[in-house]
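One structure below.
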Amino acid sequence: MNQEINQSLFLLGSSHQVADLAARERISLPPDSIDEFYNGLGKIEGLDEYLLLNTCNRTEIYGAAQKSFSFDSLGKYLSNFRKLDPDFLSQHSYQRNDHEVVDHLFKVTSGIDSQMVGETEILGQVKKAYEDACKRKAAGKMLNRLFQKGFQAAKWARTNTGISRGQVNLGNVLCELARRIFGKVSNCRLLVVGAGEVAESTIEAFKSRGSQAITVTGRTFEWCPLCRNKPAELAEKFGGFELSFEQFKESMHLFDVILTSTASGKALVNYGDIKKSMKKRPSQPLFLIDASVPRNIEEKVSQIENVFLYNMDDVSTIANENLKSRISEVDRCKGALARRALKLWEQMTQTREIS
Amino acid sequence: MNFNDARDLMWIAGGLYGSAFLLGFLKTFRLSWSPLNEAPLAGIIIGFLLHTRALYLRGLEIHGCPLGNTLERIQFILWSLILTFLILRLLWRLDLLGSFCAGLSFGAGWLTLILPNTDPMYWLAPDYQKLFSNPWVELHASIAIFSYGVFSLLAIVSGMYLIQRKALLSRKFDKLGSFLPPINDLEVACWRLLSVGVIFLTISILVGGMHWTRHPEFVSSIKLAVTILLWLGYSVVFFLHLTSRIYGSKFAKITIILFLLAIGSLALVNSKNREDTKQEIIPEKSSDLSL
């Protein structure tokens, strides 16, 4: 039986490669709208399989579709869903087909396409997105194979190349910044607002450098006791303290480093809040890290004396500066992954033809 | 090269500071060559020893603390700067601060040696009397000049603070910024240096004031005004920082401006010159050339 299935791979996405932080904030999907978005995807003509990868730095829709599928319908759906001008979306997004999709996914899972090249958090995020798509029965044979191979490619890249060496981890970069501001990281008092992976990675890095005064707060604290990464659990895990979300603004002056990493979608900390805190600690610096997209801290606060505000783009830039010395390693990895991607695509097309 | 000549020794000391400055920056930018590791500090220490001998020899020539002309005053300030750095170096390992201090000592030291008219040989004048007729005035002058050395170090640390701040605000890990001490430590160091400088300047003014009350004719009104204004300037900044009203970049910028004013006013804080005072007072008392 040599029946050709008219199915191909596609990808529509936006990431730091084509969109700045403000554009990514507009395209990124709020966590509470994911269900609705998946429901809508299922109604697009010709779309057999689909998977949404929605992180703070990228929003990508992977899929397997029949010939009747068109990118325009998907683009139109996304722009309508996020209330975006279609031209704006096309300017800040990219499309990939077949072999290009494989190549792109390999780069994503191995961290080569990340803002902080070689970072490892993305692999966990892709795995989570894949599990989510499987639970929703949105991922089928083609995407299953693609993503399984993507995870293998990531493992290969990290084992066989030097792309993950050095300080590209967000937490380590933040510790280095804290050292440049305060000296000993162990003396820094850290407040984490939110309890995601970024928060955990940061706490881990501070803890490993001897920091004892770690406090966690978050919006999900009271009403979501079963949340996997809720602040109380995180505080307990690292021997830190919990702080009620309602009280954290009044206590900000007690902390040297404040990290916000929530999906609140709005500014939690504004200029007035920081100005008020700094009045209580005028000559002591305050290091603010906004790891959220959309941002949780008003950009204007960086104008206040002794306040050093960094967002994800800034931290990534620093991490990538660290990586300059091993660009050749990244190039080697890219070449090897491209060959693996091509091989996989050839296998997939052969299997299709045989089946 | 005569090792018993003060100027020759100042040239060598300046050269050593210059080498320390150059090697310090080569080391900072990771030119990995192991002999470089301690070379900058060694250069500063040897330069300082030769510098000390140069000032000592000049002191023997003039029979007092060598503060009689622009070259001597600048050299004494630079010597105080390096001395303060070496004391601080015992407490903190601040190699880059040493490079900045060595750079300033090299530049300013050689400039005063190159420029004409900065080193008139006033002690060779036939009617030369001892530079400081009164030991209290000599103490006043040397402490004041030492406080200038501390203030010059304060200006350097403030400059380092501003470089580090700029690097942090630009959100880039530039090479120089990553080798500077943490910004919080730099502000603390600035505060301590300001405190030490203000204390020394206050003692100097108190000592000088006691002399002034007895012999006001030796102190010109310009010198009096400039000295008081400078002391007031540093004291006001001291109290404003103490009460957290000036801090961070403003504090750093003001200390740099005050230092530039202090250096700029050096020529004005000379006591009435010898010819003037000779006409006014008895010759034996006419030799105060302090700050």
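Values as computed for the structure displayed
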{"read-out": "Selected residue (criterion: nearest to the other protein chains (Cβ to nearest Cβ)) from residues of segment A:283-304 that are open to solvent by 20 Å² or more (accessible area, probe 1.4 Å) and closer than 20 Å to A:Arg189 by Cβ", "value": "A:Ser283"}
{"read-out": "Selection status of B:Gly149, under 17 Å from B:Ile74 (Cα atoms) and either within 11 Å of chain A (Cβ to nearest Cβ) or touching a Ser or Thr at 6+ places or on another chain (Cβ under 6 Å) (or both)", "value": "yes"}
{"read-out": "Test: residue in segment A:53-64 that is assigned by TED's automatic domain parsing to the domain that holds A:Thr349, among the basic types (Lys, Arg) and open to solvent by less than 30 Å² (accessible area, probe 1.4 Å)", "value": "yes"}
{"read-out": "All positions within segment B:192-219 that are crowded, with 19+ Cβ neighbours inside 10 Å and within 14 Å of chain A (Cβ to nearest Cβ)", "value": "B:Leu194"}
{"read-out": "Any chance A:Gly75 is in the same structural domain as A:Ser14 (by TED's automatic domain parsing) and in a strand (DSSP E or B)", "value": "no"}
{"read-out": "Candidates B:Ile183, B:Ile228, B:Ile254, B:Ile222, filtered to the one that is open to solvent by 10 Å² or more (accessible area, probe 1.4 Å), of a type outside the set (Ser, Thr, Tyr) and under 30 Å from A:Glu299 (Cα atoms)", "value": "B:Ile254"}
{"read-out": "Members of segment A:242-268 found to be of a type in the set (A, V, I, L, M) and at pLDDT 90 or above, listed by number", "value": "A:Met252, A:Leu254, A:Val257, A:Ile258, A:Leu259"}
{"read-out": "Extreme residue, modelled with the highest pLDDT, among residues of segment B:35-82 that are more than 18 Å from the chain's Cα centre (by Cα) and among the charged types (D, E, K, R)", "value": "B:Glu61"}
{"read-out": "Selected residue (criterion: modelled with the lowest pLDDT) from residues of segment A:5-20 that are open to solvent by less than 10 Å² (accessible area, probe 1.4 Å) and touching a helix residue (DSSP H, G or I) at 6+ places or on another chain (Cβ under 6 Å)", "value": "A:Leu9"}
{"read-out": "Options A:Asn187, A:Asn169; residue that is away from chain B (no Cβ under 14 Å) and farther than 14 Å from A:Leu53 by Cα", "value": "A:Asn169"}
{"read-out": "Helices (runs of 4 or more DSSP H) wholly inside segment B:115-228 containing at least 1 residues that are in contact (Cβ under 8 Å) with a residue 12 or more places away in the chain and touching a strand residue (DSSP E or B) at 6+ places or on another chain (Cβ under 7 Å)", "value": "B:135-169"}
{"read-out": "Residue satisfying all of: in segment B:68-111; among the basic types (Lys, Arg) and in contact with a helix residue (DSSP H, G or I) (Cβ under 7 Å, 6 or more places away or on another chain); nearest to B:Ser158 (Cα to Cα) among these", "value": "B:Arg89"}
{"read-out": "Lone qualifier among A:Arg219, A:Arg179 - being within 16 Å of A:Ser292 (Cβ to Cβ) and either in a helix (DSSP H, G or I) or away from chain B (no Cβ under 14 Å) (or both)", "value": "A:Arg219"}
{"read-out": "Number of positions in segment B:231-251 that are loosely packed, with under 13 Cβ neighbours inside 10 Å and away from chain A (no Cβ under 14 Å)", "value": "1"}
{"read-out": "Any hit, segment A:2-20, residues being free of Cβ contacts under 8 Å to residues at least 12 places away in the same chain and not assigned by TED's automatic domain parsing to the domain that holds A:Ile297", "value": "no"}
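A quick yes/no check of all residues on (1) touching a residue at least 40 places away in the same chain (Cβ under 8 Å); (2) assigned to a loop (DSSP other than H, G, I, E, B); (3) over 28 Å from A:Asn54 (Cβ atoms):
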position: A:Lys266; (1), (2), (3): no, yes, no
position: A:Val301; (1), (2), (3): no, no, no
position: A:Glu305; (1), (2), (3): no, yes, yes
position: A:Ser316; (1), (2), (3): yes, no, no
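The values are calculated or read from the model by the stated rules, or taken from the named source; none is laboratory data. Bear in mind that the values here come from a model prediction, so they are computed numbers and not experimental data. Heads up, the Cβs are rebuilt from the backbone with ideal geometry, glycines too, and the neighbour counts pull from every protein chain shown. We work out accessible area using only protein heavy atoms, side chains counted, and drop any ligands, DNA or RNA first. Shrake-Rupley method; radii C 1.70, N 1.55, O 1.52, S 1.80 Å.
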